[in-house]
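Read the structure below first, then the notes.
What follows is calculated from the coordinates using simple rules that are stated; it is not laboratory data. This structure is a prediction, so every number in the text was calculated from the model and none was measured. Backbone-built Cβ (ideal geometry, glycine too); neighbour counts: all protein chains shown.
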Amino acid sequence: MNRDLPQPINHEGARHLNCPFYVECLTYAVDQRWVCWSCGRCRNHLLEPIYERQQYIGEYYPMLAEIYPEFKRKYERFMEQYD
């Protein structure tokens, strides 16, 4: 799954507090001086499970990627982009 650009909108609505980019979007909303904001249709909150796994596999990724090509294909782009 690729990370989309965060897409907070200047509109009252639901926020995904467990999204790995919540702080980034909150900071953006504050910088824009929005009174309210929501996650709109942003799908980045779906990346949370991958970010949780990254903290456990990061140290072992090079070895696992060498041994298991399917593991490398699954996480390669993610690990390179978010190291």
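State which residue is nearest to Pro6 (Cα to Cα) when the search covers only the stretch 26-75 and only residues that are part of a helix (DSSP H, G or I) and aromatic (Phe, Trp, Tyr).
Once the filter is applied, the top-ranked residue is Tyr28.
Within the stretch 5-36, work out how many residues are of a type in the set (Phe, Trp, Tyr) and either more than 25 Å from Ile50 (Cα to Cα) or surrounded by fewer than 11 Cβ atoms within 10 Å (Cβ to Cβ) (or both).
Residues flagged as of a type in the set (Phe, Trp, Tyr) and either more than 25 Å from Ile50 (Cα to Cα) or surrounded by fewer than 11 Cβ atoms within 10 Å (Cβ to Cβ) (or both) within the stretch 5-36 amount to 1.
Just need a number here: residues in the stretch 50-63 that are among the aliphatic types (A, V, I, L, M) and surrounded by 13 or more Cβ atoms within 10 Å (Cβ to Cβ).
Counting residues in the stretch 50-63 that are among the aliphatic types (A, V, I, L, M) and surrounded by 13 or more Cβ atoms within 10 Å (Cβ to Cβ) gives 2.
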